[in-house]
Structures are given as structure tokens and as C-alpha cells.
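Structure record follows, encoded as C-alpha cells.
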Amino acid sequence: QKEVEQNSGPLSVPEGAIASLNCTYSDRGSQSFFWYRQYSGKSPELIMFIYSNGDKEDGRFTAQLNKASQYVSLLIRDSQPSDSATYLCAALTGANNLFFGTGTRLTVIP
Amino acid sequence: EAQVTQNPRYLITVTGKKLTVTCSQNMNHEYMSWYRQDPGLGLRQIYYSMNVEVTDKGDVPEGYKVSRKEKRNFPLILESPSPNQTSLYFCASWETGEETQYFGPGTRLLVL
């Protein structure tokens with residue numbers, strides 16, 4: 001079983017819609033979770049981190065964490081074409097190691 | 001400026017010719033890691049280091065070696081590269097309690 005799993009997509013949404021990205025993790029000792037955005041050939045860029053159960057909002061982005069279900073999600077409101085990228089979910093495990101999911105490719109259609 | 005540097009950024013080599021990709025961070029981070037990225041497979045961890053002289057295998061360590069003789073440096077060594085090691089490689093560093101990780105710019109390797 002992989003440490004972090006994501007639907008690989010691709011996910012397509014129209015401009016202005018809400019994009020929903022999901023992720024599950026296997027290590028119950030994981031404390032912190034991260035969402036990265038990555039453009040092709042570039043380094044991952046941190047969008048949000050979350051470590052408490054519930055929702056965390058930052059602008060158009062909302063991260064949700066449910067530790068009982070070992071589930072993390074990212075909502076992007078009012079999606080823009082510039083949001084088109086691959087989104088990577090990552091977990092910092094109990095051993096302080098950082099594991100990534102396979103990423104979900106998002107396309108926002110103008 | 002906090003940064004992780006990698007060199008070289010691009011490399012074309014031939015099968016069996018030993019190579020080293022360097023990684024250096026200037027933030028005194030304890031944790032460093034190497035990842036490779038292939039289409040559709042996300043970032044797969046090759047090796048991980050928790051501190052000087054402490055390293056551990058990641059998900060895909062075969063064909064790679066690392067060393068951590070100094071805190072700032074974490075080179076990735078391919079003793080006998082093969083075409084299946086053609087990939088995009090990222091080095092990262094982080095510290096416990098910090099809310100972000102730092103990535104190098106990536107090294108694109110082609111093994112012929």
C-alpha cells in the first residue's frame with residue numbers, strides 16, 4: 001500500500017467552477033499534510049498545509065483534513081485557467097519523512 | 001536567501017558511466033531527500049536522510065547511492081547508470097515544525 005494515494009485524473013472543470021482534489025494516506029502517525037502545485041518540468045510549489053482536523057481556508061483554496069478517515073482534500077473555488085497544473089498531495093509521516101501521491105492533473109477550461 | 005541548489009540541471013550520459021548529482025541547502029535543515037519523477041508516477045522517494053551520516057532507502061533506491069557527510073550536502077550517485085534511470089530528479093530539504101519544504105530546481109537526466 002502506498003503511503004499517499006490520489007486519483008490521477010485528469011480532472012477538467014469549467015472556468016469559475018469548484019475543483020475538488022482528494023487524497024488518502026496510510027500512516028496514522030502522519031501529522032502534517034501539504035498540497036503542492038506543479039507545472040510541467042518545474043519544482044513543486046506549496047499551496048497549503050494543514051495539520052488539524054477540519055477546514056483551512058486561504059483565498060480561493062480550502063484544505064480539509066479528516067484524520068479518522070485518513071483523508072485530505074483541496075477545494076479550488078472560482079477556478080481559473082492559470083490553475084491548470086498537476087496537484088500533489090504530500091504527508092509528513094510520524095518518522096518525519098515526506099511522501100507524495102502520484103498527483104492529479106487539473107485542466108480549467110475557459 | 002533560503003534555497004536548495006542542484007547541479008547539473010541537465011545531463012546526457014551513456015549507460016555505465018558513473019555520475020553524481022549534487023544537492024546543497026543553506027538552511028541547516030536536518031532532513032533531505034531525493035525524488036525522481038516520471039510521467040504519471042508522481043514524486044517517488046529514492047533516498048532520505050535524517051541527519052549527517054544517517055540515511056535510509058526510499059521507495060526506489062535500486063541503482064542509486066547517497067552520502068551525507070556534511071549537513072548541507074546530499075549528493076546522489078549513479079554508479080552505473082541505465083536507460084531506466086532517465087528521469088527528472090528533485091532534491092528537497094525540510095526541518096521539523098516548519099510549514100514548508102524546499103525543493104531544488106530539478107535535474108533532467110537522459111541515459112542513452
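Here is a yes/no grid of residues against (1) out of contact with any Gly (no Cβ under 6 Å at 6 or more places or on another chain); (2) within 14 Å of another protein chain (Cβ to nearest Cβ):
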{"site": "A:S52", "(1), (2)": "yes, yes"}
{"site": "A:D55", "(1), (2)": "yes, no"}
{"site": "A:G59", "(1), (2)": "yes, no"}
{"site": "A:Q80", "(1), (2)": "yes, no"}
{"site": "A:G101", "(1), (2)": "no, yes"}
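Taking strands (runs of 3 or more DSSP E) as the structural unit, those lying wholly within the stretch A:1-72 and holding at least 2 residues that are touching a residue at least 60 places away in the same chain (Cβ under 8 Å) and farther than 19 Å from B:S93 by Cα correspond to A:4-6, A:11-14, A:19-25. If you check B:T107 against the conditions, is it in contact with a strand residue (DSSP E or B) (Cβ under 7 Å, 6 or more places away or on another chain) and either of a type outside the set (K, R) or within 11 Å of another protein chain (Cβ to nearest Cβ) (or both)? Criteria met by B:T107. Annotation note: of A:S12, A:S30, the sole residue that is buried (at least 19 other Cβ atoms within 10 Å of the Cβ) and in contact with a Ser or Thr (Cβ under 8 Å, 6 or more places away or on another chain) is A:S30.
Restricting B:T20, B:T100, B:T86, B:T13 to those that are closer than 22 Å to A:N96 by Cβ, surrounded by fewer than 21 Cβ atoms within 10 Å (Cβ to Cβ) and not acidic (D, E) reduces the list to B:T100.
Among the residues of the stretch B:5-33, those identified as within 14 Å of chain A (Cβ to nearest Cβ), assigned to a strand (DSSP E or B) and over 13 Å from B:R108 (Cα atoms) are B:T5, B:C23, B:Q25, B:Y31, B:M32, B:S33. Residues that are under 26 Å from B:G16 (Cα atoms) and without any contact (Cβ under 8 Å) to a residue 40 or more places away in the chain number at least 1 in the following strands (runs of 3 or more DSSP E) confined to the stretch B:36-112: B:43-51, B:54-57.
Laboratory data are not the source of any read-out in this text; all were calculated from the coordinates shown. Everything numeric here is computed off the predicted structure, so don't read it as measured data. Neighbour counts run over all protein chains shown; Cβ positions are idealised from the backbone, glycine included.
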